[in-house]
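Remarks on the structure that follows.
The values are calculated or read from the model by the stated rules, or taken from the named source; none is laboratory data. As the structure is a computational prediction, the values presented were derived from the model and not from experiment. Positions of Cβ are generated from backbone atoms using ideal geometry, with glycine treated the same way; all protein chains shown enter the neighbour counts.
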């Protein structure tokens, strides 16, 4: 039986994941594990979030609440990140 090819990650999903990782690091958390533990998040789930796995809106909102970000500001930051990479 042939192995399934891994799906290529949509660049927009990758940008969301990268921004979340950047926000964690901005809070001086070098490790996703310590961040997840300190904020009562499942470590495995948070690792998946930062690696671009599909997440629910409620999970995204929960993480953004930790960072005191609303959705519009967060997505504006993600879009700005994407634009700066394209330049």
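From 20, 41, which residue is part of a helix (DSSP H, G or I) and at pLDDT 95 or above?
Working: 41 fails: part of a helix (DSSP H, G or I).
Just one listed residue meets the conditions, 20.
Select, from 66, 13, the only residue that is modelled with pLDDT of 95 or more and surrounded by 13 or more Cβ atoms within 10 Å (Cβ to Cβ).
Details: 13 fails: modelled with pLDDT of 95 or more.
The conditions single out 66.
Only one of these is more than 8 Å from the chain's Cα centre (by Cα) and over 17 Å from residue 79 (Cα atoms): 22, 45. Name it. Steps first, please.
Details: 22 fails: over 17 Å from residue 79 (Cα atoms).
Within the list 22, 45, the selection yields 45.
Within segment 47-63, take every residue that is part of a loop (DSSP other than H, G, I, E, B) and on the phi < 0 side of the Ramachandran plot and give me the one that is surrounded by the most Cβ atoms within 10 Å (Cβ to Cβ).
Going through segment 47-63, the residues part of a loop (DSSP other than H, G, I, E, B) turn out to be 51-56.
Narrowing further to those that are on the phi < 0 side of the Ramachandran plot: 51, 53-56.
On the way: 51: 13, 53: 12, 54: 8, 55: 18, 56: 8.
Among those residues, the one meeting the criterion is 55.
Please go through (1) surrounded by 11 or more Cβ atoms within 10 Å (Cβ to Cβ); (2) assigned to a helix (DSSP H, G or I); (3) under 14 Å from the mean Cα position of the chain (by Cα) for residue 73 and return the number of the only condition it doesn't satisfy.
Just one mismatch for residue 73, condition (3).
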